[in-house]
Amino acid sequence: MRSIIKWRWVIMSIWLVATVLLTAFQPDVNAILHERGQDPLTEDSPSKVAGKLLAKMNEAQGLSDILIFYNENKLTDDDMKQIESGIGNLRMKQEELGLRQLIDPIAVPEAKSSLISPDGTTLMASFILEKDGRSVDTIQEEIEAALKDVKVEHYLSGEDFIQNDYIKATTDGVEKSAALTVIFILVVLIAMFRSIVIPFVSLAAVGVSYLCSMGIAAQIIDKLNFPITSVTQMLLVLILFGIGTDYNILLFNRFKEELARGSSVDDAIVTSYKTAGKTIVYSILTVFIAFAGLTLSDFGIYKSGNVVAIGAAVLVLEILTLTPFLMKTLGTKLFWPSKKVSSHKESRFWAKLTQVSVKRPVLTTVVIIILLIPALLTSGQKLSFDQLEEMGYDHPSTKGFSLVGDHFSRGQALPTTVVIEADQPMDHNDALSAVEKLTSNLKKVDGVAAVSSVTQPQGTPIEFFYASGQTEADGTPKFFVPDQLLASPDFGKSMAGFMSKDRKITKLIVILKDDPYSPAALDTIERINKQLSLSLQGTTLANATVGAAGPSSMTYDMNKAQIKSFNGTAVIVIVSVFIVLMFVIRAFWPAVSIVLALLASYYVAMSASKLVTEYVIGADGVSSFVPFFSFIVIVAVGVDYSIFLMMRYKEYGKIDPKEAIVKSAKSVGGVIISAMIILGGTFATLIPSGLVLLIELAAAVIVGLVVLCYILLPMLVPALIVLPRAFKKERNMEPEAVKNRGSYDPYGG
């Protein structure tokens, strides 16, 4: 450390250059996110495989979108003329705009029944959007330019536009949160240290860490195609500013203690880093390992949280090299305008809680477990993947989608498409009969409103195909298309609309009864998937590749992948944290006690988020990303606070363990509570965003941290640590407490 102090100006110059270069040449991650979207699924996911088949059939790479025109009093003749003119402009610029398979009720009259609402207020035009590297915002501007003369109220909606509005809403929420975080930290630090220097110094130091880590992460995201989501930058901002400020509090408090004892600035820095600095390094190690473990996840959204590991690595370098420069340069002025440099106040509150728990460890443990039971029983989550509910209906895409839901059906706006690929062309009766069987069976699936296919292009059976007089084994009429009809122009239109040019791929359009993102729709997709394999068994298409594409199918696959990845990744994180704890505190039972406390705080957090979702927000289920990111934050950061406590406990290695844990709680309790307030406050800044996802995440993390810092850490962990000794004493296996110990007790004593 003295060498770092000696070379502090050189080190500061290196940090300055690195920060400027990484910031100046940082790729725009928001632009990358808008261009890529957030697709967390692997290429072999069923919905993605089906999507590729659909793209191959359509000869277009893109998602399904819709253009909605609306007049609450019914579309007039003048409205229809404007719409016809506007859509005509789109058709003239179809190639330039990337609109493929544009279908509207004016150019395709037979589609009127499905594209004009029964009440005549709403008209839809559907298309596949090929972005060709363009952002959705750019495409939207180009489409609006082509519709500039259309005065009828209109909206662009569908997969691309809903996803784009969701990303923009989340990004705006994160930016608002970042600004509030800075203000909050300034206020808290000023109140805590009675200084106007420390808050700005702390924020500047953490800010340098953030800029450098974001610069590195952006390069990896851009050059190595690393996953990015709407929560990536949010996690880095909240975690880095939260724990970075926490560590500064711990370090500056120790620095203040040493100065108050009369140490020189250099000696105070060296001692601070030998004690608090060591704790900080161990704490950052747990955060790094927890988030680095996300690399092993095969779910893109979880893996994107790996940027926090980058941030943790940069943060520890900053704390070990740049912060000493600030401490040496400012010295006692760091605490200005306070004239007296005194040590921080001890926490009598924490000491009292810990004293009670170690005095009656069995009773304390039993009472806390009883209190935790209701939370554990109510922590089960009903997950929601509904981006529309999370965003609300004041965005253009969601407002348009809501109109379709009100005047058509939500399932009709974003249908599910079943795709079948065979080795041979399917323009013969055996294959068409199998498609007809599947079409009929899918209509019987609970949750399905309508199905159209090459054999039922209008969604209803064609009686002529059952009029041949032939019957099946069970006596029912046999489906049969006469050869002359197979070659007719009319049936040719149906095949052109529902089959690829080589007739090896066909699609079935399935309209669901429920909102395509709702839990009910996901249940319907599961039933559809089961029906696909059952219906094709024993037919000429038994060995065909089959799958379902569309937002409902993709959401269903995301749900399965997320649950699978959560379970595996959570185990990796817990095991990693436990190993780090064993390395740091070198005691098995205390490490187990801390892990149990962290898990308990997580389940309490989940119970709280469930209550907030149901009774405050009124949403139908907790946002799907909340459980995992709540878990990773509470575990990764909560273990930090545990290390703060246990490292101070190890410093009292020669006194009675009960007294040692009480003195440790008294010494670092205030620091831990301050750290919890800082991190909890940074997450609280998510609430004004108005997004359900961010509000639920904030509620879960705040409750988890409060329970951890006011109950589990000062009471349950100390009680569990001394519990083995208490049992030994009761059994007379240990006649008297060991008053002097030369080494750290493996049971925490």
| query | Would a scan of region 15-31 turn up a residue that is within 30 Å of N89 (Cβ to Cβ) and under 26 Å from the mean Cα position of the chain (by Cα)? | reply | yes
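Based on this model, can you work out whether K112 counts as assigned to a loop (DSSP other than H, G, I, E, B), surrounded by fewer than 17 Cβ atoms within 10 Å (Cβ to Cβ) and of a type in the set (K, R)? Show your work before the answer.
Numbers: assigned to a loop (DSSP other than H, G, I, E, B): no; surrounded by fewer than 17 Cβ atoms within 10 Å (Cβ to Cβ): yes; of a type in the set (K, R): yes.
When the stated conditions are applied, K112 does not pass them.
Can you name every residue in region 330-351 that is modelled with pLDDT of 65 or more and out of contact with any helix residue (DSSP H, G or I) (no Cβ under 8 Å at 6 or more places or on another chain)?
Initial filter on region 330-351 (modelled with pLDDT of 65 or more): 330-338, 345-351.
Listed by number, the residues that qualify are K333, W336, P337.
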| query | Does at least one position in region 382-399 carry a residue that is closer than 24 Å to L693 by Cα, surrounded by fewer than 22 Cβ atoms within 10 Å (Cβ to Cβ), out of contact with any helix residue (DSSP H, G or I) (no Cβ under 6 Å at 6 or more places or on another chain) and at pLDDT 90 or above? | reply | yes
| task | Only one of these is in the same structural domain as A684 (by TED's automatic domain parsing), surrounded by 22 or more Cβ atoms within 10 Å (Cβ to Cβ), outside any helix (DSSP H, G or I) and small (G, A, S): S230, S263. Name it. | result | S230
| field | Set G120, G133, G158, G173: member being in contact with a Lys or Arg (Cβ under 7 Å, 6 or more places away or on another chain), among the small types (G, A, S) and closer than 23 Å to P396 by Cα | value | G120
| field | Pick from region 33-47, criterion in a helix (DSSP H, G or I), surrounded by 16 or more Cβ atoms within 10 Å (Cβ to Cβ) and not hydroxyl-bearing (S, T, Y), ranking: modelled with the lowest pLDDT | value | H34
| task | Please list, ordered by first then second residue, the pairs with beta carbon atoms under 9 Å, 6 or more apart or interchain, first in region 189-205 and within 17 Å of T682 (Cβ to Cβ), second among the charged types (D, E, K, R) and at pLDDT 90 or above. | result | A205/E318
| request: Spot the failing condition for S402; the list is (1) in contact (Cβ under 8 Å) with a residue 24 or more places away in the chain; (2) part of a helix (DSSP H, G or I), and only one is missed. | output: (1)
| query | Would region 528-546 turn up any residue that is outside any loop (DSSP other than H, G, I, E, B), small (G, A, S) and either over 26 Å from the mean Cα position of the chain (by Cα) or buried (at least 17 other Cβ atoms within 10 Å of the Cβ) (or both)? | reply | yes
| field | Residue, surrounded by the fewest Cβ atoms within 10 Å (Cβ to Cβ), within region 565-600, restricted to residues that are within 20 Å of the chain's Cα centre (by Cα) and touching a residue at least 40 places away in the same chain (Cβ under 8 Å) | value | G568
| said: So, in region 129-171, how many residues would count as being without any contact (Cβ under 8 Å) to a residue 12 or more places away in the chain, of a type in the set (G, A, S) and not in a helix (DSSP H, G or I)? | reply: 0
| message | Regarding region 613-624, can at least one residue be identified that is on the phi > 0 side of the Ramachandran plot and in the same structural domain as I711 (by TED's automatic domain parsing)? | response | yes
| remark: Only one of (1) assigned to a helix (DSSP H, G or I); (2) among the hydroxyl-bearing types (S, T, Y); (3) surrounded by fewer than 21 Cβ atoms within 10 Å (Cβ to Cβ) does not apply to S338, and that is (1)
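Limited to region 460-506, what total is found for residues that are small (G, A, S) and not in a loop (DSSP other than H, G, I, E, B)?
We begin by selecting, within region 460-506, every residue small (G, A, S); these are 467-469, 473, 475, 487-488, 492, 494, 496-497, 500.
Add one more test, that the residue is not in a loop (DSSP other than H, G, I, E, B), and what stays is 492, 494, 496-497.
Residues in region 460-506 being small (G, A, S) and not in a loop (DSSP other than H, G, I, E, B): 4 in total.
The values are calculated or read from the model by the stated rules, or taken from the named source; none is laboratory data. No experiment lies behind these values; they were computed from the predicted model shown. Note that each Cβ is placed from the backbone with ideal geometry, even for glycine, and that neighbours are counted across all protein chains shown.
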